[in-house]
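The values are calculated or read from the model by the stated rules, or taken from the named source; none is laboratory data. Quantities reported herein were computed from a predicted structural model and do not represent experimental measurements. Glycine also receives a Cβ, built like all others from the backbone with ideal geometry; neighbour counts cover every protein chain displayed.
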Amino acid sequence: MSMLSRVAERIYWLGRYLERIENTARLVSVYGNVLLDLPRPATLQWDTLIAITGSAPAFTERYTRADERNVVRFYLADDSNPSSIVSSADSARENARTVREMIPASIWEGINDLHIYLQDNVDGALARRGRDAFLSRVIEYCQTLVGCMAGSMSRDAAYHFLRAGRYLERADMTSRIVDVGTANVFPWRQGQSQVQSQGQGQAQRQSARDDGAEESPYEAILWMSVLRSLEALQMYRRLVPERVLADEVVDFLLRDENFPRAVANCLMALQSCLRHLPRNELALRTVAATIKHVQEANIAGLLAQQGMFDYIDQLQIEFNELHAAIRSTWFETAV
Amino acid sequence: MKFSWHDYDSRGFYDELIGGRGVARPAGKAVAKHIRSLTMEEIRERQRAAELAVKTMGITFTVYSEGTNIDRAWPYDIIPRTISGSDWDRVEAGLVQRLTALNLFIDDVYNKQKILKDGVVPRDLIVESGNFRAACVGKRPKHGVWAHICGSDLIRDKDGTFYVLEDNLRVPSGVSYMLENRKVTKRVFPELFAAENMRPIGEYTSHLFATLASLSPRAERRPAVVVLTPGIYNSAYFEHSYLAQQMGAELVEGSDLFVGSDDCVYMRTIAGPARVDVIYRRIDDLFLDPEVFNPDSALGVPGLMRAWLKGKVALANAPGAGVADDKAVYTYVPDMIRYYLDQDAILPNVETYRCGEHEACAHVLQHLDKLVVKPVNESGGYGMLMGPTASAQERMAFSRLLRANPRNYVAQPLISLSTCPTVCGGGIEPRHLDLRPFVLQGAKHYVTPGGLTRVALKKGSYVVNSSQGGGSKDTWIVDCT
């Protein structure tokens, strides 16, 4: 039996929202840890995170001060922010509710448990003390769900759409986390004048980098934080045992084809999902072009010429195009 | 301190569990004994665990007036309601007899109309009923069956006799809660299951699928069965989704379906259009097809009635089946059983006054303080008058409604609903309940062993509807050895 277009769309979004919950938890966690690693006076503020994730308009609509409490609330507990963890959990649950007949009961129950956990605990995570435990628990819930799906779902269209949503979302978030890393490192690497030579569109990001200009003695520590947030440290070390440096880390997180949170791996996993679906020509063409763009990237060159921000912006535009191809092919089935 | 049944008093009502002087009925021995072995604190702890299980399992229902809060946790009481197997066998036979006669009646009404010509049921009552669908005249659905899924509401009087209160032949709901209640009980009282010999209920969805599949117009292949829901904001959405999931059927909304130029029904899928054979529709007749019924309906499928009339798709229940689901027509069911089957009704009706009849109406108006008056066409307990508990003012207002449109009402004496021990704030107290078993008819019959027990959680109340603060219980048919 073939799958309803409406159901396919909801399952795809279920995959995206669950991944978004986990990724947002990782993002907030890594940022908190990066800030802890910085020397005082801190050269980075929480508003950098807002700028990097492209959330500045949504944030300034709701808050005046981009301090830790507000930013963390915005990402975790703010139900008026559609990308916050609580909103994503609401959306995941609503999508799951409308496709309950397609997913095993254990997954529906797991989503409810996560939902209940968030309701009961999210306020305690606004202060630093309870936050790490909270975020770890949220990530654990998400990973349990992914495990349930892998262990109990038939490899049919529902599974492929669920994973397609997950991998596209994950590729997007890994690229944003790379952005966090480069934004954190660059203040020490680059002089102020070079930063200012960049395009107007980068203004918000620059503000974060304008403050510091000396060489960073903390670069390795910062990149280790980034890797840790993606649970990538051990896998990275097995590949590059001797050092943790920007070129290698960014290369690993964008171009590694074996690490499951690396952009290239996500895109290839997405590609294999799409191969199982009917009428997949447009979507396969689009994903192949993006994969090529990632494979051919010269990371060291981009970093040396401050081209990384533009490159990641371009990648994110391509992710949007990929989403548009999926939507027009399978979700807007005309008679 | 352990709980003692000697402190329990059902005040003269028939109690399902405790026969009198704190002694359990045979079917309830194991349950009563187990409750007795627990302290009140342990019992409350189980009740809390059950409420958490209900939340985790996502068992919800919807209340219309709650704004954005579209689903609420399903209210469930941990003490099961037990019925003996021998009592049940009789109820089961009565329900099969009743649905068989009702289907013969509906088929007759839309075809030869013999029962109307013979004057057993008044013609006006049927053809002027808001539930009679002229568009269905002349249609012969497969097996001659129109109502494939029926939910009948039963109550037990003071002496324990089962009565039928009403038959729901349109889109009866509640069966998913019956199934989920059993699962919750298994989580909360696993030890009881080993000690008790109860009939399993889990096969309902296989029987439902088999019933639906037996209606398929294309008998040669595995039929494509779908559940048609009005969508997530419907009060029974949980159930629609649940049944689709359990049957492995597609859950569709109106916009997922279309009728092709060949008059067949198709669903929009990721691979293109796919033919549909059987639609278990959970939307009312009048929303099914904007071309025939309500033109503003966005829930239905344009052309669906054409496809059904041409036999390209089966609809369950069939459009028009509601003609027999009317509290005035209800009063004729014993006559139908005699007329079509030449048998006496195994399950009695509750004595009912048809307010459309002049003499009955006068009697009802005179005795409003002793009667329950119900609109013939509503469900969910809406728009009714509980005479004995209503204020004089309420009765006055209601008598005006009644006089204005007597045909729209029936009245019944206040039947004393049976009780069952229920966990309340203060401990364990008797609460009134009813029972909704589900009956299937396609190529064969099936009756759920037990059904959905609904319980009025307020002391002394008879209102069991979940939309008005009612709760529910797991229902056990126990074969005593």
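Mind checking whether some residue in segment A:253-262 is free of Cβ contacts under 8 Å to residues at least 12 places away in the same chain and within 14 Å of chain B (Cβ to nearest Cβ)?
No, segment A:253-262 contains no residue that is free of Cβ contacts under 8 Å to residues at least 12 places away in the same chain and within 14 Å of chain B (Cβ to nearest Cβ).
Taking segment B:337-363, which residues are modelled with pLDDT of 95 or more and within 23 Å of B:ARG156 (Cα to Cα)?
B:ILE337, B:GLN343, B:ASP344, B:ALA345, B:ILE346, B:LEU347, B:PRO348, B:ASN349
Do we find a residue being within 14 Å of chain B (Cβ to nearest Cβ) and of a type outside the set (A, V, I, L, M) anywhere in segment A:75-83?
Of segment A:75-83, the ones within 14 Å of chain B (Cβ to nearest Cβ) are A:79-80.
Narrowing further to those that are of a type outside the set (A, V, I, L, M): A:79-80.
Checked against the condition, which is being within 14 Å of chain B (Cβ to nearest Cβ) and of a type outside the set (A, V, I, L, M), segment A:75-83 yields at least one hit.
Criterion first (among the aliphatic types (A, V, I, L, M), away from every other protein chain (no Cβ under 14 Å) and under 30 Å from B:LYS183 (Cα atoms)) does A:VAL72 satisfy it?
Criteria not met by A:VAL72.
Please indicate, with yes or no, whether at least one residue in segment B:255-274 is touching a Phe, Trp or Tyr at 6+ places or on another chain (Cβ under 6 Å) and more than 12 Å from every other protein chain (Cβ to nearest Cβ).
No; the residues of segment B:255-274 include none that is touching a Phe, Trp or Tyr at 6+ places or on another chain (Cβ under 6 Å) and more than 12 Å from every other protein chain (Cβ to nearest Cβ).
Quick check on segment A:285-307: of everything there that is out of contact with any helix residue (DSSP H, G or I) (no Cβ under 8 Å at 6 or more places or on another chain) and part of a loop (DSSP other than H, G, I, E, B), which residue is nearest to A:GLU318 (Cα to Cα)?
Here the residue is A:GLU296.
Is it the case, given these coordinates, that B:ASP369 is more than 23 Å from B:ASP77 (Cβ to Cβ), outside the structural domain of B:TRP88 (by TED's automatic domain parsing) and of a type in the set (D, E, K, R)? It would help to see each step written out before you state the result.
On the way: more than 23 Å from B:ASP77 (Cβ to Cβ): yes; outside the structural domain of B:TRP88 (by TED's automatic domain parsing): yes; of a type in the set (D, E, K, R): yes.
So B:ASP369 fits the description; yes.
Just checking, how many residues over segment B:173-197 are of a type outside the set (Gly, Ala, Ser), within 26 Å of the chain's Cα centre (by Cα) and assigned to a loop (DSSP other than H, G, I, E, B)?
1
One residue is enough: does segment B:268-283 have a residue meeting the conditions touching a helix residue (DSSP H, G or I) at 6+ places or on another chain (Cβ under 8 Å) and at positive phi?
no
Restricting segment B:235-246 to residues that are more than 7 Å from chain A (Cβ to nearest Cβ) and touching a strand residue (DSSP E or B) at 6+ places or on another chain (Cβ under 7 Å), which is farthest from A:MET3 (Cα to Cα)?
B:SER235
A:LEU233: in contact (Cβ under 8 Å) with a residue 40 or more places away in the chain, more than 14 Å from chain B (Cβ to nearest Cβ) and not hydroxyl-bearing (Ser, Thr, Tyr), yes or no?
Against the criterion (in contact (Cβ under 8 Å) with a residue 40 or more places away in the chain, more than 14 Å from chain B (Cβ to nearest Cβ) and not hydroxyl-bearing (Ser, Thr, Tyr)), A:LEU233 does not qualify.
Tell me which of these B:GLU51 doesn't satisfy, since it passes every other one: (1) of a type outside the set (Ser, Thr, Tyr); (2) farther than 22 Å from A:LEU114 by Cα; (3) without any contact (Cβ under 8 Å) to a residue 40 or more places away in the chain.
Going through the list (1) of a type outside the set (Ser, Thr, Tyr); (2) farther than 22 Å from A:LEU114 by Cα; (3) without any contact (Cβ under 8 Å) to a residue 40 or more places away in the chain, B:GLU51 breaks only (2).
Tell me which residues, restricted to segment B:206-225, are over 21 Å from the mean Cα position of the chain (by Cα) and touching a residue at least 40 places away in the same chain (Cβ under 8 Å).
Selection gives B:ALA213, B:SER214, B:LEU215, B:SER216, B:PRO217, B:ARG218, B:PRO223, B:ALA224, B:VAL225.
When you go through (1) away from every other protein chain (no Cβ under 14 Å); (2) at pLDDT below 85 one by one for B:ILE232, which number turns out not to apply?
Going through (1) away from every other protein chain (no Cβ under 14 Å); (2) at pLDDT below 85 one by one, B:ILE232 breaks only (1).
Conditions (1) touching a residue at least 60 places away in the same chain (Cβ under 8 Å); (2) touching a Lys or Arg at 6+ places or on another chain (Cβ under 6 Å); (3) of a type in the set (Lys, Arg); (4) not in a loop (DSSP other than H, G, I, E, B), marked per residue:
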site: B:TRP88; (1), (2), (3), (4): yes, no, no, yes
site: B:ALA101; (1), (2), (3), (4): yes, no, no, yes
site: B:ILE115; (1), (2), (3), (4): yes, no, no, yes
site: B:GLY119; (1), (2), (3), (4): no, no, no, no
site: B:TYR163; (1), (2), (3), (4): yes, no, no, yes
site: B:ARG170; (1), (2), (3), (4): yes, no, yes, no
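In segment B:66-74, is there at least one residue being away from chain A (no Cβ under 14 Å) and crowded, with 19+ Cβ neighbours inside 10 Å?
No, there is no match, as no residue in segment B:66-74 is away from chain A (no Cβ under 14 Å) and crowded, with 19+ Cβ neighbours inside 10 Å.
How about segment B:27-54: which of its residues are surrounded by 15 or more Cβ atoms within 10 Å (Cβ to Cβ) and not aliphatic (A, V, I, L, M)?
Hits for segment B:27-54 are B:GLY28, B:LYS29, B:HIS34, B:ARG44, B:ARG46, B:GLN47, B:GLU51.
Quick one: in segment A:87-107, which of the residues that are farther than 13 Å from A:GLU19 by Cα, buried (at least 18 other Cβ atoms within 10 Å of the Cβ) and among the hydrophobic types (A, V, I, L, M, F, W, C) is farthest from the other protein chains (Cβ to nearest Cβ)?
Taking the candidates together, the pick is A:ILE107.
Do we have A:ARG16 as part of a loop (DSSP other than H, G, I, E, B), of a type in the set (D, E, K, R) and away from chain B (no Cβ under 14 Å) here?
No: the conditions fail for A:ARG16.
Could you check how many residues of segment A:123-168 are surrounded by fewer than 24 Cβ atoms within 10 Å (Cβ to Cβ) and closer than 24 Å to A:TYR311 by Cβ?
The number of residues fulfilling the criteria is 0.
Can you list the helices (runs of 4 or more DSSP H) lying wholly within segment A:21-124 that have 1 or more residues being touching a Ser or Thr at 6+ places or on another chain (Cβ under 7 Å)?
A:56-62, A:68-76, A:85-98, A:105-121
Could you list, in sequence order, all residues of segment A:207-239 that are more than 13 Å from A:VAL250 (Cα to Cα), in contact with a Phe, Trp or Tyr (Cβ under 6 Å, 6 or more places away or on another chain) and at pLDDT 65 or above?
Within segment A:207-239, just A:MET235 meets the criteria.
Being modelled with pLDDT under 90 and closer than 17 Å to B:LEU385 by Cα is the filter; apply it to segment B:456-468 and report the residue that is surrounded by the most Cβ atoms within 10 Å (Cβ to Cβ).
Step by step, filter segment B:456-468, then rank; the result is B:VAL464.
Taking into account only those residues within segment B:114-141 that are surrounded by fewer than 17 Cβ atoms within 10 Å (Cβ to Cβ), of a type in the set (D, E, K, R) and within 26 Å of B:LEU215 (Cβ to Cβ), which is modelled with the lowest pLDDT?
In this case the residue turns out to be B:ARG140.
Could you please find all residues in segment A:263-311 being within 17 Å of the chain's Cα centre (by Cα) and touching a residue at least 60 places away in the same chain (Cβ under 8 Å)?
Listed by number, the residues that qualify are A:VAL263, A:CYS266, A:LEU267, A:ALA269, A:LEU270, A:MET308, A:PHE309.
With the condition kept exactly as written, say whether any residue in segment B:373-384 is more than 30 Å from B:ALA213 (Cα to Cα), in contact (Cβ under 8 Å) with a residue 12 or more places away in the chain and touching a His at 6+ places or on another chain (Cβ under 6 Å).
No, because not a single residue in segment B:373-384 is more than 30 Å from B:ALA213 (Cα to Cα), in contact (Cβ under 8 Å) with a residue 12 or more places away in the chain and touching a His at 6+ places or on another chain (Cβ under 6 Å).
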